[in-house]
Amino acid sequence: MNHGSQSPGSSKLLPKSLTGISGLDDITAGGLPTGRPTLLCGAAGCGKTLFGMTFLVDGAVRRDEPGVFVSFEETAPDLAVNVASLGYEVDKLIDEKKLVIDHVRVDRSEIEEAGEYDLEGLFVRLGYAIDSIGAKRIVLDTLETLFAGLDNVAVLRSELRRLFEWIKQKGITAIVTAERGEGQLTRHGLEEYVSDCVILLENRVEDQITTRRLRVVKYRGSAHGTNEYPFLIDDHGITVLPITSAGLSYDVSEEPVPTGVEDLDAMLSIGGYYRGSSVLISGSAGTGKTIFSAHFANAACARGEHCLYVALEESPSQIVRNVRSVGLDLQHHIDADLLRFEAARPSFYGFEMHLTRLHRIVETFKPTIVVIDPISAFRGPAEEVHSTLLRVVDMLKARGITAVFTSLTPADERLMSDADRGVSSLMDTWISLLDIESSGERNRGLYVLKSRGMSNSNQIREYRLTSNGVQLSDMYMGPDGMLTGSARIAQEWRARTLETQRQREIACRRRKLERKRLVLEGQIAELQATLAMQEAEIDDLSEAERLDAELVNHDRQVMARSRGVDE
Amino acid sequence: MTGNSQTPWWEEADGDHSGTHFVLRLYVTGSTPRSTRAVEIIRRVCEERLNGRYDLEVIDIYQNPQAARDAQIIAAPTLVKILPEPLRRIIGDLSNSDRVLAGLNLVPATSPPGGTQG
């Protein structure tokens, strides 16, 4: 996300100091102007003090730039306690001479103005604090308290002008906080003096949900993001969510990511979703959207990929239990830290907070797969929902993360809201799960409504949620259209019966033929036997004839000899 | 405010704190005109109104910045009345007499007509 800070031109023109506030450095393309004051304005409770302290702690800990925190409101111990919740060890930094906290107390009831004065006392203290540790950063929080303590506004104004000049001359990077004013940025018009960089923090409550937003109003000599950016303060510090200006310039991948359901892979020509694409699984209640998502997550984790599952309606343990009934064991992926659940009711935070949290988890956990189940849980003005989702899609695409979004649609597709339609155009692949009602039954069917960049099956497939996961069955077309459920089973049975009958007939014919063959072979053998017999007879006859002839001849000789006839 | 006399204003004031001990600190910035004026004025006030019932310390915050921090000094010059309580910070070159006296909890010597004497 450091696309901004790498732009060589801006950093050469204007030196910048990183704030360590993730996101803000992106928006400002490298941080606050070095050696100049930045005005940070916002109403009470916006996080001005925490911003300031984060800036100083970051400088002290990471950049070898010690800092001075001049607090006009909180005492040093209070301040230390308040920022300890963000994990800042203020006391340690003070001991290491990396941080000085000077609490400037201005108590009007003690003060009597008796003659001409200036604010040299304040200057002396600042100078002293800065010199004592060689500070490079300073935070003045909130300078405007002076207006409440001192009467002579003319002196005050000229002294403030001098103060900012003095800070610039010393080359100290400063954050000056100020209260938001009516009709102007700050209550006392400090923006008149600090003109290099002005950042506005806001706390907006809409529908009882608070969203913190940040806007860079002005940054002299530097390009900066001009939108309102949501930000978050929690135990991880401050996170600003930059809305990527990357637009539509993502790298696209040709690689398929299996859907986790083999039969579904087969319906998509590349054998899965494209890596880095956005997939919408929509369906009415109970069609198994979560189960399809869980299949996808399970397959990813089984390949050793990191998967983030954002559960917006069910608790993670409930999901884990429920999908166990279809034979998916997600728990061992959780234990291996391949699968992480992020569960939150959408109404608990605003959209911006969700985005910001999502952004931070994506940055730290680095998943390749993200499931958001379901996006229909986001309720609000269609426009806002749409822009939120657009940014989610953008953010995930920019990182090449394959995202599956589920959406609950009304049973009747015609009742689909405009928001849903709007969302669908952001999706690359849309799998629609249907309730099919026929012959007094409700069955489930799915089809690939669209899938950009690949050919896909146009079939509506019936599927069942079995203990071995999702099973797709073949569809039968009957005279009245598609057959599902028992009608399909009946059709299957009929088909099976027909098949067996045919098999039986073939077998029967084969048996008959065999018998015929045996009979014929028998006849052949008989005929051959007869032939052999006749041949033998003939042989016998000719032998007998020969013997007879020999006998006659012999008899004749014997007779002649006995008659004494001479030859 | 204190009439038409040519005497300096501090001589017109009279204290009702005859037994009170004053602890005062004046924080100045080197020898700038305002600082010098403030030093002069407070010295006279002390001599003429407090008759030795005071400790006055003049501190140059250029020389001792830590003192400015410890005493919560913002403006210069600043006169801090530590005793008697309550603590007061009288800021400025002390040229406004009423304000100085009010800050020190002293009353002017010549009160407006009809005013009561303490």
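Coordinate-derived values only; no laboratory data. These figures come from a predicted structure and were not determined experimentally. Cβ coordinates were reconstructed from backbone atoms using ideal geometry, including for glycine residues, and neighbour counts include every protein chain displayed.
With the simple model of a label 7 Å out from the Cα in the direction of the Cβ, B:Gln66 to A:Arg324 spans 6.6 nm. Packing around the peptides A:99-107, A:379-387, taken as the average count of other Cβ atoms within 10 Å per residue, puts them in this order, highest first: A:99-107, A:379-387. For the residue pairs A:Lys92/A:Lys218; A:Lys48/B:Lys81; A:Lys16/A:Lys397; A:Lys48/A:Lys136; A:Lys16/A:Lys48; A:Lys170/B:Lys81, alpha carbon separations beyond 28 Å are given by A:Lys92/A:Lys218; A:Lys48/B:Lys81; A:Lys16/A:Lys397; A:Lys170/B:Lys81. Among beta bridges identified by DSSP and lying wholly in chain A, the antiparallel ones come to about 45 percent.
Ordering A:455-461, A:297-303, A:535-541 by mean Cβ neighbour count within 10 Å, with the highest value first, yields A:297-303, A:455-461, A:535-541. Our Cα-only numbers for the protein assembly as shown put the radius of gyration and Dmax at 49.0, 221 Å. The mean count of C-beta atoms from other chains within 10 Å of the C-beta of residues in B:95-101, rounded to a whole number, is 3. As a calculated quantity, the FRET efficiency between B:Glu47 and A:Ala43 at R0 = 41 Å, using C-beta atoms, amounts to about 0.20.
Computed about its Cα centre, the charge dipole of chain A is approximately 680 debye, with only Lys, Arg, Asp and Glu carrying charge at their Cβ.
By definition, a body whose alpha carbon gyration tensor gives a ≥ b ≥ c is rounded when a/c is under 1.5, and the range A:8-240 falls into this rounded group.
Treating only the Cα positions of the range A:256-474 as identical point scatterers, give the base-10 log of I(q)/I(0) from the Debye formula at each q in 0.08, 0.10, 0.14, 0.17 Å⁻¹. The computed values of log10 I(q)/I(0) come out as -0.25, -0.40, -0.82, -1.27.
Counting Cβ atoms of other protein chains within 10 Å of each Cβ in B:27-35 and taking the mean gives 2.
Just to verify a number: FRET efficiency for A:Arg63 and A:Glu441, C-beta to C-beta distance, R0 = 60 Å, to 0.05? Step by step, r from the Cβ atoms, then E = 0.30.
Here the simple spin-label model places points 7 Å from the Cα toward Cβ, and for A:Ser253 and A:Ser317 these points are separated by 3.4 nm. Applying 1/(1 + (r/R0)^6) with R0 = 51 Å to the Cβ-Cβ distance of A:Ala560 and A:Leu527 gives a FRET efficiency near 0.55. For the peptides A:147-153, A:436-442, the ranking by mean Cβ contacts within 10 Å, running from highest to lowest, is A:147-153, A:436-442.
Inter-chain neighbour count for B:64-72: the average number of beta-carbon atoms from partner chains within 10 Å of each residue's beta-carbon is 5.
The value of relative contact order for the range A:8-240, using C-alpha pairs under 8 Å at least six residues apart, is 30 percent. Looking at the range A:8-240, send over the antiparallel percent of its DSSP beta bridges, to the nearest 5. Rounded to the nearest five, the antiparallel share is 45 percent.
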